[in-house]
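Worksheet: one structure, shown below.
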Amino acid sequence: MEIWKVGFAAMVVGLTMVVECGVVAADMLYSSKLVHRFSDEVRKLGVSRNGEVWPQHRSLEYYGRLMSSDLQRQKMKLGPQFQLLFPSEGSKTMPLGNDFGWLHYMYIDIGTPSVSFLIALDAGSDLLWVPCECVQCAPLSASYYSSLDKDLNEYNPSGSSTSKFLSCSHQLCELGSNCKTPKQPCPYTVNYVSDDTSTSGVLVEDILHLASGSRMAANSSARAPVIFGCGSKQTGGYLNGVAPDGLLGLGPGEISVPSRLAKAGLVQNSFSLCFKEDDSGRIFFGDQGPASQQKTSFLPSDGQFVTYVVGVESCCVGSSCIEQTNFKAIVDSGTSFTFLPDQIYDRVVKEFDREVNASKASFEGYPWQYCYKSSSEGLPKIPSFTLKFMTNSTFIVQDPVFVIYGSQGAVGFCLAVEPSGIDIGTIGQNFMTGYRMVFDRENLNLGWSLSDCQDLTDSNRLPMTPANGSSPNSLPTELQNSPNSSGVTPAVAGRTPSKSAAPTNRRISFKLCLTNLLFPLLLVSSNFRQSLYSLTL
């Protein structure tokens with residue numbers, strides 16, 4: 001047998017890259033050519049990473065980019081500085097009720113001196129933005145919101161000594177080609193699906209104040225440089241009291257806060273969210289979950305990981321695993337309920353209906369088709385609902401039903417699942433309740449383990465069983481008792497009128513989209529019957 005001769009070249013200190021090679025047998029040699037990643041030769045080949053703009057050869061930016069790359073490699077070799085990080089105001093997340101669209105919020109501190117913002121959490125988008133130099137923003141006065149006891153804040157770039165505008169030449173400036181000069185502030189516009197909902201302004205870099213959850217860290221706090229939107233103009237749902245003080249995108253894009261924290265070497269490229277039955281929760285950056293957790297892999301879309309998608313191999317109801325129930329699903333921590341592709345939905349609900357021991361019923365104002373009466377003895381035994389993944393992992397939904405209450409207590413329940421109208425599903429918050437959900441972006445895995453959402457900084461792990469005595473419902477009591485209220489999709493939701501306001505025929509809840517991905521749009525009427533989805537993968 002003829003022995004092949006093989007040659008190879010290694011990347012040297014991150015300054016060069018292999019861009020072409022050839023392989024032939026017999027008397028010919030495998031070879032590779034090293035060229036500089038910012039060279040004219042690479043530029044002509046059209047090779048770039050994430051739209052990276054080549055700096056001018058031997059310019060200040062050229063050497064600065066190389067230095068930044070070297071520092072990043074050194075941080076990666078040393079490992080993350082902190083085991084866990086969370087906002088300096090605390091790791092707890094909170095629902096703020098109807099005025100705020102039933103989204104999850106938390107306070108974060110930005111700038112020097114720091115200013116506090118009440119931001120909505122969304123794993124379905126990338127950008128952090130806050131109201132800033134407002135031309136058109138939602139009201140920020142506490143008197144406008146029944147659940148607030150203090151005014152919301154507006155970011156002022158000139159009021160922070162650590163603030164600086166991102167230039168149009170920066171690699172994360174997607175609209176840089178529209179700028180007149182490379183040095184002017186980078187504009188941004190994010191359009192969300194539905195009713196002209198958007199945020200726009202300029203990108204800013206400033207300090208995000210975080211606390212450490214690691215006993216090994218010398219400091220108990222961290223000042224993390226992050227890039228966010230100085231949102232001077234909002235439209236649509238953002239003007240109606242939903243996310244009035246900004247939004248924290250937790251998606252996999254380079255500009256998202258989890259990405260910036262990992263790139264700075266502060267924490268591992270991962271974060272966790274945990275939701276309790278009372279709808280409160282916690283968030284931790286850098287959390288990769290316990291070793292005992294179950295996992296499944298994230299799936300790419302067109303070769304890229306632009307959102308958190310997993311592959312469900314089959315759905316099981318009770319002891320029956322239903323044939324031909326494999327599908328892809330977006331894991332969306334902000335969506336209140338779960339949606340299945342139509343054909344999958346039909347098979348699943350029919351099996352649930354066959355196994356549940358209760359009389360079917362209809363409850364006006366609720367969206368679900370499979371609802372049942374409760375008896376004088378209370379709720380019957382609910383068939384279990386399990387998702388099986390391609391990695392031989394199983395996800396047992398703790399409570400797949402929504403209980404309907406009347407003046408005398410529970411009057412019925414519904415299987416809290418709807419058809420999506422498209423060939424992709426959404427695993428919503430009601431399926432995640434009772435779990436510590438780990439979005440491990442470093443290893444491209446979704447992890448989960450049973451939890452009652454205690455503070456990770458106390459023991460560096462969460463208990464593996466939910467707390468006793470908790471409510472079986474995953475939504476606030478106010479929503480359970482109101483048939484004309486709805487759980488909503490993440491990030492943007494229509495604000496329902498107050499009790500004194502005239503009734504309306506339609507409420508609209510919105511769904512965020514990443515810059516290159518349109519998520520499902522859910523258009524909800526007062527009886528939740530109208531749905532419209534738009535998805536581009």
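The values are calculated or read from the model by the stated rules, or taken from the named source; none is laboratory data. What you see is a predicted model; the values in this text were computed from it and never measured. In this analysis, Cβ positions are derived from the backbone assuming ideal geometry, glycine residues included, and neighbour counts consider all displayed protein chains. Accessible surface is based on the protein model in full, side chains and every heavy atom, while ligands, DNA and RNA are left aside. Shrake-Rupley method; radii C 1.70, N 1.55, O 1.52, S 1.80 Å.
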Which ³J(HN,Hα) values in Hz, rounded to whole numbers, follow from the phi angles of segment 115-121 under the Karplus curve 6.51 cos²θ - 1.76 cosθ + 1.60, where θ = phi - 60° and Gly and Pro get x?
10, 8, 10, 9, 10, 7, 9
Sequence-distant residues sharing a close amide H with ALA120 (under 5 Å, placed H)
GLY246, LEU247, LEU248
Using amide H atoms built in the peptide plane, which far-off residues or other-chain residues are under 5 Å from THR162 H to H?
THR112
Shape call for segment 221-297, from the Cα gyration tensor axes a ≥ b ≥ c (a/c under 1.5 means rounded, otherwise prolate when a/b beats b/c, else oblate), comes out oblate
With every protein chain in place, segment 209-364: carbon and sulfur % of accessible area (1.4 Å)
43 percent
When a/c reaches 1.5 or more, the comparison of a/b and b/c decides; with that in mind, is segment 121-163 rounded, prolate or oblate per its Cα gyration tensor?
oblate
Select from segment 296-369 those chymotrypsin sites (Phe, Trp or Tyr not before Pro) which occupy a DSSP coil region and have at most 15 other Cβ atoms within 10 Å, ordered by residue number.
PHE305
Can you tell me the accessible area per residue over segment 174-279, all protein chains present, probe 1.4 angstrom, in square angstrom?
36 Å²
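Send over a whole-number figure in Å² for the accessible area per residue of segment 339-434, probe 1.4 Å. List each step's numbers first, then the result.
Details: 4240 Å² over 96 residues.
I get 44 Å² per residue for this part.
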Using the Karplus curve 6.51 cos²θ - 1.76 cosθ + 1.60 with θ = phi - 60°, work out ³J(HN,Hα) for each residue of segment 381-390 in order, rounded to whole Hz, and write x for Gly and Pro.
5, 8, x, 5, 10, 10, 9, 9, 10, 5
Can you give the accessible area of GLU61 in Å² (nearest 10), computed on protein heavy atoms with a 1.4 Å probe?
80 Å²
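Can you tell me which of 146-159, 385-398, 279-292 comes out highest on packing, and rank the rest after it, using the mean Cβ neighbours within 10 Å? All intermediate terms of the calculation are to be shown ahead of the outcome.
Values: 146-159: 14.9, 385-398: 17.6, 279-292: 21.1.
Result, highest mean Cβ count within 10 Å first: 279-292, 385-398, 146-159.
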If amide hydrogens are placed 1.01 Å from N in the peptide plane, which non-local residues have theirs closer than 5 Å to the one on ASN445?
PHE298, ASP440
